[in-house]
Amino acid sequence: MASAWPGLAQRERNFDRYLDLEARYDRRPSQWVEPLVPWGAGRVQLIEIPAPDETHDNIVAFWVSNTPLRAGERRELRYRTHTFGAEPAAAAPARVIRTRQGWGGVPGDPSPPPRSRRHFMVDFAGGELENLSPDQPVEAELTASRGEIHHLQTRPLPDGRGWRASFRLDPDGQQSSDLRLRLRLRDEVISETWNHVWHPDERR
């Protein structure tokens, strides 16, 4: 399967993360959608529906076209689905292996920024990054639904362990911000998309 396809997968397969003997969420399969005809530009939208308990399947994902449908318009979307476990069968893009965040100030700065500024570090590994020399022009592509982004940069991790993308976020007051980050190399997307919704109460 091509790494450029959009999709969402359940990667965590450790029983200790769920501790559920009835539903066995650690064994739930993932499904990937392979478009058989061009769908045009768009994105996969992940939605969490408020639910009172775990008996409700409240996580859904669907395709959203960048071109909205007009009244009376018809479109045909042909696709094939693939079922798998933690990873797709074919070569996967670079994946996120860890995320860290904290205050976005620099120790010793005589004019420190406000405590609301957040510093994010997202590490990627695998995929094309495995055989990539540290002098390659890997770039980070980042969007934020709210707030201002500063100091976006990428750097290779030591000993070929992957690449780190880092940035600082100045939040928009008490508004949450939907953050989406991925890596590119010469106009080609080479990683999965890291998605994080930052809430004001995450400050530490």
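Structural remarks
- Selection within region 131-173 - surrounded by 14 or more Cβ atoms within 10 Å (Cβ to Cβ), under 21 Å from W198 (Cα atoms) and acidic (D, E): E141, D170, D172
- Subset of region 24-38 that is out of contact with any Lys or Arg (no Cβ under 9 Å at 6 or more places or on another chain) and more than 15 Å from L8 (Cβ to Cβ) - its residue that is surrounded by the fewest Cβ atoms within 10 Å (Cβ to Cβ): P38
- R78 under 25 Å from A94 (Cα atoms), charged (D, E, K, R) and modelled with pLDDT of 85 or more: no
- Subset of region 113-130 [free of Cβ contacts under 8 Å to residues at least 60 places away in the same chain and either surrounded by fewer than 15 Cβ atoms within 10 Å (Cβ to Cβ) or touching a helix residue (DSSP H, G or I) at 6+ places or on another chain (Cβ under 6 Å) (or both)]: P114, M121, E130
- Scanning region 120-136 for residues that are at pLDDT below 95 and either farther than 24 Å from D187 by Cβ or not hydrophobic (A, V, I, L, M, F, W, C) (or both) gives G126, G127, E128, E130, N131, S133, P134, D135, Q136.
- Within region 49-115, strands (runs of 3 or more DSSP E) holding 3 or more residues that are over 23 Å from L36 (Cβ atoms): 95-103
- Of all residues in region 171-198, those satisfying the criterion of being without any contact (Cβ under 8 Å) to a residue 60 or more places away in the chain and acidic (D, E) are D172, D178, D187, E188.
The values are calculated or read from the model by the stated rules, or taken from the named source; none is laboratory data. Given the structure is predicted, the values throughout are model-derived calculations rather than measurements. Cβ atoms come from the backbone with ideal geometry, glycine included; neighbour counts cover every protein chain shown.
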